[in-house]
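Notes follow once the structure below has been shown.
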Amino acid sequence: MRKYIHRTPNFFMDLFVEQKIPKVYSRIRLGDHVLHTSQSEKNQDHASDDGHLAYSVALIPDYLEFDVIAPKHIKSKAHNQTNLGYAVKITEGFKVEDFLKRQLKSNYRSVKKRLVRLESCYKIHYDFFHGAITPEKYSYLMHCLYTMLTRRFEQRQDIHEKLKEWDELLKVTKQKINEKKASLFVIYDDTIPIDISLNYHFKTIMFGAVSSYDIDYYKFGLGLIEKVKLLEWCHSNNYKLLDFGYGDLNYKSNWSNYVYKFKYEISFDRRSLGATLLAKLEGAKLHAKEYLKSKKVDILYRRIRTVMRLKKNKISTTGKAITYEKSNIGHNHSHTEFEKVNYRDQCSLPFKAIVNDFIYSTKETKDSIEVLKVINEQNTYLIRGKKNVQTIIFKN
């Protein structure tokens, strides 16, 4: 049966997530480095032998070059898209420390300070799962990542796109990690994950796809530290690109030394009038979409869709936050009657975030901290370290 057009609406995600290459391409290159060569000799024949008159491939990063599987009568036309992509290009002689100083400029000291403070105040260690992960470890880490994403996006009054397809993501990702097509990078506070990044790998390119952190550690800038560690890993493993993908977010432009464009490409048999007309129609349709994007219509649409989803899922955007007062009172204090509490078990109060804020501000170590409930004073607690004490009074 004759088919009309084969569409690949998101080549970028197909390449990194599914490792799928449209049949119309025989070879993919990154500069002089060949990333993919078709194994099918049959593909050297007519590009539409599978019944399609034309192929439409969108969201192709322009740092990749392609050879189209086709004799001379197959014509390909490429058109620019409005999307921009962001990446760190790792060239010969690249040094991570020099890159960070040059790229982050005045923010470099802030990132360095947070990293040093995190590692000096907590028992921090890092793990990278790329090629082997046990089912138990995988289930635990993915559950932690799901929880982090949920909390982070509720805080932002938004819904992460991946949460809608989490069950499917959970089914397929473990195998991808074992096949080295994906990885999980984890930052631990002792044995507890506090930052997790799910990444996809295609040859010498890493795509940082889904990541989140424990918002109770927000002062330490875990998202920034995560990027430093991913970049170090890429450099140590001779990767050419750390790709942050498309989407105009501040952190992407701040961290990227390489901003690239996307294109869409339509291939068709120019001997066929039907294929030629079909390609022109497809081109006009994609051009219209790009025009609407240039007018920010897609942003408005996403905002409306997000609001509708929030209402549907009954996620409050005006939730009442727990408020409190704090004051530093030195190591000697007037309170003499109190009882020790396990602040990590105080689920109804944001103790963990407050204690982490105290640790960040005072440079106390986590092991030296204790939380005390002041007897006979309602909703009053002390956070006490070796050199500092802080009073916390929760409000009704």
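Condition test on L169, is it touching a Ser or Thr at 6+ places or on another chain (Cβ under 8 Å), assigned by TED's automatic domain parsing to the domain that holds R114 and among the aliphatic types (A, V, I, L, M)? In short, no. Answer with yes or no whether Y188 is under 14 Å from the mean Cα position of the chain (by Cα), under 30 Å from N238 (Cβ atoms) and part of a strand (DSSP E or B). Against the criterion (under 14 Å from the mean Cα position of the chain (by Cα), under 30 Å from N238 (Cβ atoms) and part of a strand (DSSP E or B)), Y188 does not qualify. Residues in the range 196-231 that are in contact with a Ser or Thr (Cβ under 7 Å, 6 or more places away or on another chain) and acidic (D, E): E226 alone. Among the residues of the range 5-20, those that are touching a strand residue (DSSP E or B) at 6+ places or on another chain (Cβ under 7 Å), of a type outside the set (F, W, Y) and in a helix (DSSP H, G or I) comprise D14, L15, V17.
In the set (1) assigned to a helix (DSSP H, G or I); (2) buried (at least 18 other Cβ atoms within 10 Å of the Cβ), I133 fails one condition alone, (1).
The residue of the range 268-283 that is nearest to the chain's Cα centre (by Cα), among those that are under 18 Å from T8 (Cβ atoms) and among the small types (G, A, S), is G283. Checking the stated criteria, F128 turns out to be part of a strand (DSSP E or B) and surrounded by 15 or more Cβ atoms within 10 Å (Cβ to Cβ). All of (1) in a helix (DSSP H, G or I); (2) in contact with an Asp or Glu (Cβ under 6 Å, 6 or more places away or on another chain) hold for D216 with one exception: (2). When restricted to residues that are within 28 Å of V34 (Cβ to Cβ), surrounded by fewer than 18 Cβ atoms within 10 Å (Cβ to Cβ) and aromatic (F, W, Y), the range 234-292 contains 1. Here is the figure for the range 86-113: residues that are surrounded by 12 or more Cβ atoms within 10 Å (Cβ to Cβ) and outside any helix (DSSP H, G or I) total 6. Does the range 260-267 contain at least one residue that is assigned to a strand (DSSP E or B), more than 25 Å from the chain's Cα centre (by Cα), among the charged types (D, E, K, R) and closer than 29 Å to E165 by Cα? Yes, there is a match, as at least one residue in the range 260-267 is assigned to a strand (DSSP E or B), more than 25 Å from the chain's Cα centre (by Cα), among the charged types (D, E, K, R) and closer than 29 Å to E165 by Cα. Among S256, S212, S236, which is the only one that is out of contact with any strand residue (DSSP E or B) (no Cβ under 8 Å at 6 or more places or on another chain) and at pLDDT 90 or above? From the options S256, S212, S236, the qualifying one is S236.
The values are calculated or read from the model by the stated rules, or taken from the named source; none is laboratory data. The structure displayed is predicted, hence computed values, not measured ones. Virtual Cβ from ideal backbone geometry, glycine too; neighbours counted across all protein chains shown.
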